[in-house]
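Here's the structure we're looking at; comments come further down.
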Amino acid sequence: MRKAWIGAPLLLIVSIVGLTGTAHAEEPDEGEKLRDLREQILESRERVGEREREEREIFERLEQLDMSLDRMVSEVAEARRLADRAAEALGRTRARAEEATARLEETRRAMSRRVVALYKMGDVGPLRVLFSSASLPEMFTRASTLRKLLEHDADLVARYRRDQAAVEVARRNAEEGARLRDLAASDLEARRRDHEAERATKTALLARVREDRTLERAVLVELERAARALEEKLVSLGESSRLDVATLDAMNFASHRGRLPAPVRGERRTAFGRVVDEEYGTETFNKGIEFAVDHGDSVRAVAFGEVRFAGWFRGYGKIVILDHGSQYFTVSGHLAELFVEVGQTVDRGDTIATAGDTGSLSGPSFYFEVRQGGEPLDPMDWLD
């Protein structure tokens, strides 16, 4: 009995030790755990890096689409002009073909009348006319008349051949004109389809940005950087103003506060100043205002000024910066077609561009700023 009692604890101890050893053997060692953790960290970093790259690239892609769409608008307009010119040329060619055909038909009728007259006279008709003369002078007169008739008939034949050749040339030109018209129309349609496809791509990308708050915030961050870049640009322009003192005195932009005409026809869509996101509590500052407009609406200068910048500016699309003296500037953005160049002076009410959607995240709109140096001013305090 004593041996059995002693043996039981020994068996239990052996069993516990065996189980402990087995459990310890099944657990991964510290090195393997560390390797797994490192792999997870690397994968996480890669995912974060890909996301950050995507967020940065989304703004670049939007700008590329804007430039591509702007180029396509010009290509479609040029293709339309070519198609219109080809159609007009075809119309003129067909008109000439109809005129040539009418002349040919007139010549054919004249020849038909002469053939009938000759048929009625018979083979010896001219001789009978000639030798039935009462006198020699009359014979000469009749001979002269017959010669003129023969010359007239020869002219009719020659004219018929010329008219026939002209009709053939006009017909070939009309066929070539129709071919060129069809090619121009086909090119126009292809460019229009490309433009619509690119426009759809931009619309889908903007919808994705609006649905993804992270992407939207990333775009807003890029826009804030663009705003700072614009501010630096305006400061540098103010430091290098090329307007003389006499011109500055004559302009006196500050005296027009509250009396400037609106640069576009349209309702104001956004306000100047601080904006707080209701959902996330994030804060941004609008340095200008936006107007709801239609694509192609006229954009006018609010006062006399010199064009200091006209072209693409990151975050704003196509813009025009006017220098009004005393470091006062107006900025017009999201433009489509520009009608002014750097160095050109414009007067109050002059059309400087058309409204568009370049650089806009909300479709056709017009962006407007009033600045003194780098300081943004509320445009509504300046507009009448």
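The values are calculated or read from the model by the stated rules, or taken from the named source; none is laboratory data. The structure presented is a predicted model; accordingly, all values stated were derived computationally and were not measured. Using ideal geometry, Cβ is built from the backbone for each residue, glycine included, and neighbour counts are taken over all protein chains shown.
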* Test each condition in (1) modelled with pLDDT of 85 or more; (2) within 15 Å of Val169 (Cβ to Cβ); (3) of a type in the set (Gly, Ala, Ser) for Ala100 and report the one that comes out false. => (1)
* Complete set of residues in segment 61-87 that are buried (at least 17 other Cβ atoms within 10 Å of the Cβ), of a type in the set (Gly, Ala, Ser) and within 13 Å of the chain's Cα centre (by Cα) -> Ala79
* To do: Please indicate, with yes or no, whether at least one residue in segment 254-269 is surrounded by 12 or more Cβ atoms within 10 Å (Cβ to Cβ) and at pLDDT below 85.
  => no
* Being touching a residue at least 40 places away in the same chain (Cβ under 8 Å) and either among the acidic types (Asp, Glu) or not in a helix (DSSP H, G or I) (or both) is the filter; apply it to segment 187-218 and report the residue that is surrounded by the fewest Cβ atoms within 10 Å (Cβ to Cβ). => Asp194
* **Selection within segment 54-94 - out of contact with any helix residue (DSSP H, G or I) (no Cβ under 9 Å at 6 or more places or on another chain) and aliphatic (A, V, I, L, M)** => Met67, Ala77
* To do: Answer yes or no as to whether Gly356 is in contact with a strand residue (DSSP E or B) (Cβ under 6 Å, 6 or more places away or on another chain), over 25 Å from Ser240 (Cα atoms), surrounded by fewer than 22 Cβ atoms within 10 Å (Cβ to Cβ) and not charged (D, E, K, R).
  => no
* Close pairs (9 angstrom Cβ cut-off, 6 or more residues apart or separate chains): within 20 Å of Arg265 (Cβ to Cβ) in segment 302-329, of a type in the set (Asp, Glu) and part of a strand (DSSP E or B) anywhere -> Lys318/Glu337; Leu322/Glu306
